[in-house]
1. State yes or no: is VAL37 of a type in the set (Val, Ile, Thr), under 17 Å from ALA196 (Cβ atoms) and free of Cβ contacts under 8 Å to residues at least 60 places away in the same chain?
2. If we scan region 172-195, do we find a residue that is of a type in the set (Phe, Trp, Tyr) and farther than 17 Å from GLY25 by Cα?
3. I need the full set of residues from region 104-146 which are modelled with pLDDT under 70 and under 17 Å from PRO83 (Cα atoms), in order please.
4. For a quick check of your reading: which helices (runs of 4 or more DSSP H) sit entirely within region 116-192 and have at least 2 residues that are free of Cβ contacts under 8 Å to residues at least 24 places away in the same chain?
5. So, in region 1-23, exactly how many residues are in contact with a helix residue (DSSP H, G or I) (Cβ under 8 Å, 6 or more places away or on another chain) and among the polar types (S, T, N, Q)?
6. Need pairs with beta-carbon distance below 9 Å; first residue among the acidic types (Asp, Glu) and within region 94-105, second surrounded by fewer than 17 Cβ atoms within 10 Å (Cβ to Cβ) and at pLDDT below 70; sequence gap 6+ or separate chains.
7. I'm checking my understanding of the structure. Among residues of region 60-95 that are part of a helix (DSSP H, G or I) and of a type in the set (D, E, K, R), which one is farthest from PRO121 (Cα to Cα)?
8. For ARG206, are the conditions met, namely being over 19 Å from PRO32 (Cα atoms), charged (D, E, K, R), in a helix (DSSP H, G or I) and within 19 Å of the chain's Cα centre (by Cα)?
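The values are calculated or read from the model by the stated rules, or taken from the named source; none is laboratory data. Note that the structure is a prediction, hence the values are computed from the model and not measured. Here the Cβ is made from the backbone with ideal geometry for all residues, glycine too, and neighbour counts use every protein chain on show.
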Amino acid sequence: MTGTILAVAAVAMAIAFAQGVAGFGFALLAVPVLAVVLPVKDAVVLSTLIGAANSSYQAVLLRSSIDRVRVRRYLWGSLVGAPFGFALFQVASPDVLRAIVGIAVLGGTVVVARGATGEGPRPALDRSMAVVSGVLLTSTSTNGPPLVLALRAQGVPIDSFRASLATVFAVTGLAASVAFAMVGSVDADVAALALAALPAVAVGARLGYRFRTRVAGAAFSRLVVALLVAGALVSLAPLAVSLIA
């Protein structure tokens, strides 16, 4: 158990740092990495718990840059999609969950890699991506890519990008954590791992917050694409290995 706690803490600190810099990426990277040492569904629940704590901390730090209109839009859309994702979480196999994450992320990456269009507000895009985000939240804990796609497609400023995502992740993560607890998906081992990881999350988030101003413009765009690609590849790697075998 000690080795698992140390591994979870190390992963949590590193990915909290990445989210502090990029504005997203916690569940995207945490779920597939944690699934190496935990069952996939436990990895989803654990990522949701510690991701909610990390995003709450970052939302407070970045509160002055929050786009409240978009945040409300994303939260309502996520609320619509969440029940469908939760139903999927209850019945889907681990391989199906991995495939959902990897394919969804790759699809979004292709669009994000083309660059932000800067066409201004597109409420319909925000709402549709928010619903998809809600489905992914409660099925895989990886709800970031659809929102990243929507924000980058509209050329949202970097500070607002980071702050708005952190706020959405905090609220939806806390809600999903409560839902998982109510249906008994948060067992004693998962709860203990989450509590043990919190100090590491705080350290990583604070370091990422301090480093964030060094990443802007083209470097920020490259970081976004790199995180999306890395998350997709890590998610799909176990499936590729099983198909080859």
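1. In short, yes.
2. yes
3. None - no residue of region 104-146 is modelled with pLDDT under 70 and under 17 Å from PRO83 (Cα atoms), so the list stays empty.
4. Where helices (runs of 4 or more DSSP H) fall fully within region 116-192 and carry at least 2 residues being free of Cβ contacts under 8 Å to residues at least 24 places away in the same chain, they are 158-182.
5. 2
6. ASP95/LEU239; ASP95/SER242
7. That would be ASP95.
8. Yes; evaluated as a whole, the condition is true for this residue.
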